[in-house]
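Notes follow the structure.
Every read-out reported here was derived from the displayed coordinates using simple, explicitly stated rules and does not represent laboratory data. Fair warning: this is a prediction, and the values are worked out from it, not measured in the lab. Here the Cβ is made from the backbone with ideal geometry for all residues, glycine too, and neighbour counts use every protein chain on show.
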């Protein structure tokens with residue numbers, strides 16, 4: 001047998017010992033890769049949320065808080081519908097300190113053919129919108145026609161497929177890039193299409209609490225305030241009557257999310273550090289114990305002519321192979337968990353969650369593999385140093 005093949009043969013000859021070490025290294029790799037990927041996904045989700053909100057204030061009817069938490073409609077994809085007169089949009093648009101204002105209309109679909117759960121339908125005005133239109137413009141260069149919709153990334157409908165919403169067949173003309181927020185579970189249409197869907201829902205005897213023309217209502221008004229005017233403008237809008245409204249300051253929403261994200265990220269990082277410290281201690285102890293058990297084996301190799309440095313190199317190569325096998329297994333298990341169950345992870349954390357690109361994931365996998373491949377030999381260094389002091393005669397006499 002050549003010295004080059006000896007490390008692998010040694011590992012295969014002791015499957016129980018090799019499996020135990022491989023499992024330990026795999027756990028190390030899984031914790032590092034999965035924890036880092038989750039932190040990266042949370043950071044991506046926060047940046048996406050900040051980019052997509054686009055408004056300083058969101059104005060909704062005061063009654064909306066009894067149906068759904070408006071602050072979390074984008075974070076959790078909560079479906080709901082609530083309405084106020086479109087005159088409120090004109091009133092807000094005329095206030096001092098308002099740079100831009102645009103209305104949106106929400107409709108919760110009971111069940112669409114494309115989905116196994118209810119989806120949110122959002123109507124917007126392409127001529128005045130400054131939050132959705134720039135995002136849609138990245139994927140759709142033409143305007144939206146009647147009963148045409150744009151689907152979020154997690155809506156199970158492809159381009160040129162139709163989905164039925166309250167009996168109306170709507171053509172999907174584009175799909176949006178993922179954001180890691182509830183926006184991914186919604187479909188988007190013009191105000192004219194939304195008016196058609198609202199009327200269709202009423203014709204099917206769904207009580208939407210709309211008095212009069214469905215084309216003359218809005219669910220929310222998105223406001224871009226003049227610099228330094230957001231707080232004052234929010235106070236003025238809250239004081240308006242007929243109807244009473246609630247004002248959401250998006251800065252507060254993103255700050256709350258950032259604080260929650262920071263807490264989760266710090267916890268995950270602390271767990272990764274603790275796991276690595278514990279794993280390195282266990283690996284070091286394991287290699288030291290194995291080194292003690294294999295003293296006679298190493299003495300035999302010395303008697304056959306292997307140098308002290310060769311023995312140390314053998315131990316390090318075995319540790320490197322175990323680390324490589326364990327690292328690949330741990331990263332593979334992490335990918336099997338993260339990719340299919342990203343939606344469950346987002347729901348569990350209750351925060352925007354946008355997975356990194358596959359290029360970033362591959363780079364993270366490579367860094368993780370390098371880290372664990374360094375950790376194994378590092379943990380075996382004490383054992384390797386002991387092997388350099390192996391005394392052939394003493395060990396051989398111990399066996400007699």
note = Note: residue 337 to residue 161 extended length (0.36 nm per residue) minus current alpha-carbon separation gives 60.3 nm
note = Footprinting proxy, 206, 266: sorted fewest to most Cβ within 10 Å, the residues are 266, 206
inquiry  = Using 10 Å bins from zero, what percent of all Cα-Cα pairs in the range 113-223 falls into each bin?
reply    = 14, 48, 33, 5
query = By its C-alpha gyration tensor, with a ≥ b ≥ c as the square roots of the eigenvalues, how is the range 168-240 shaped: rounded for a/c under 1.5, else prolate for a/b larger than b/c, else oblate?
reply = oblate
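When the chain is fully extended, how far beyond the present Cα-Cα distance does residue 130 get from residue 205, taking 0.36 nm per residue of separation?
Numbers: separation 75, 0.36 × 75 = 27.00 nm, distance 3.36 nm.
Residue separation times 0.36 nm, minus the Cα-Cα distance, leaves 23.6 nm.
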ask   = Between residue 213 and residue 277, 0.36 nm times their residue separation minus their Cα-Cα distance comes to what?
value = 16.5 nm
remark   = Most exposed to least, judged by fewest other Cβ atoms within 10 Å, 339, 92, 329 sort to 339, 329, 92
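Starting with the highest mean, order 196-203, 139-146 by the number of other Cβ atoms within 10 Å, averaged over the residues of each peptide.
Working: 196-203: 18.6, 139-146: 12.9.
With the highest mean Cβ count within 10 Å placed first, the list reads 196-203, 139-146.
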query = Using a ≥ b ≥ c from the Cα gyration tensor of the range 53-249 (square roots of the eigenvalues), is it rounded, prolate or oblate, where a/c under 1.5 gives rounded and otherwise the larger of a/b and b/c decides, a/b for prolate?
reply = prolate
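I need the calculated FRET efficiency for the pair residue 359 and residue 269, taking r as the beta carbon distance and R₀ as 22 Å, to the nearest 0.05. Numbers along the way, then the final one.
On the way: r = 23 Å, r/R0 = 1.04.
Efficiency for this residue pair is about 0.45.
Rank these for me by crowding, 223, 155, going from fewest to most other beta carbons within 10 Å. Kindly include the intermediate steps, with their values, before the conclusion.
On the way: 223 28, 155 22.
Fewest to most other Cβ atoms nearby, the residues stand as 155, 223.
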